[in-house]
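**Q** My questions all concern the structure below.
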Amino acid sequence: MQHLGNHNRPIHVSVTRHIKNRMALRYPSLALAILPIMIAIMSCRKHRIEPPENPLAQRSKHSSLVVRLAGSSTDIREVNLDIRSVKIGYAGSGWMLLKSQPALFSFGSAASKMASILTDTTSVPAGRINRLEITLGLDHNMVGTDGHTTRLKLPNGEKNTVVIDLDMPVENNRTAEVMLDFDVSKSVVRNENGELRLKPVIGLSGSPDDPEVLLASD
């Protein structure tokens, strides 16, 4: 008796190939048009590209920041402070310059009690700011109670920057307003020759542990 071993083996038919063959016979043009699409689908199964888990996580998060400075005094009529620029620093990063215009800002008993706006609202990265730096110019002066104006110089050897330490979180899509306080009376000192000098004392409004940082939604 002759055994046909091949008749007992299962026959595997490619469904994809069968469909392509039948479509090629009936619709040659359509088959040629669909063939690249089917090849692309089969290729994607072999080399699948996963999309990012969260596309928004790849975008930089930004907020807005504005800095104000207030100061008053009962024994000094007016001090005009020449401020050139304001910068902020992030933990582990460098400095970022805020939008501002160099100007003279007046503080004292005769000056406005309203806080001066040192910077325009600036778009900044969300994160934690740990320092703020104010760069001073050279055109400071003081107006005494008699109306006499005296030019105020920085003490010899003193830097023209005031660095304020802070630990302030800036949340994404929020506007943060930092209030600073200029102690006018303590900022005008006399040197050993009796000459008046400017040694700015500027800090955060409120206690160091609870600075006055106003947050508002955009």
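Read-outs: derived from the displayed coordinates by stated rules, not from any lab. Just so it is clear, the model here is predicted, and its values are computed rather than measured. Glycine gets a Cβ as well: all are built from the backbone with ideal geometry, and neighbour counts include every protein chain shown.
**Q** Efficiency by 1/(1 + (r/R0)^6): what FRET value for Arg131 and Lys153, r their Cβ-Cβ distance, R0 = 30 Å, to the nearest 0.05?
**A** On the way: r = 26 Å, r/R0 = 0.85.
That pair, Arg131 with Lys153, gives E of 0.70.
**Q** Given N residues in the range 60-217, what is Rg(Cα) / (2.2 N^0.38 Å)?
**A** Details: Rg = 16.2 Å, N = 158, 2.2 N^0.38 = 15.1 Å.
The reported ratio for this selection is 1.08.
**Q** Moving to a separate point now. Arrange Ser123, Ser73 by Cβ neighbour counts within 10 Å, fewest through most, would you?
**A** Fewest-to-most ranking of Ser123, Ser73: Ser123, Ser73.
**Q** Filter the cross-link list Lys153/Lys186; Lys113/Lys199; Lys113/Lys159; Lys99/Lys186; Lys61/Lys113 down to pairs whose alpha-carbon distance in this structure exceeds 26 Å.
**A** On the way: Lys153/Lys186 15 Å; Lys113/Lys199 21 Å; Lys113/Lys159 28 Å; Lys99/Lys186 28 Å; Lys61/Lys113 35 Å.
Among Lys153/Lys186; Lys113/Lys199; Lys113/Lys159; Lys99/Lys186; Lys61/Lys113, the Cα-Cα distance tops 26 Å for Lys113/Lys159; Lys99/Lys186; Lys61/Lys113.
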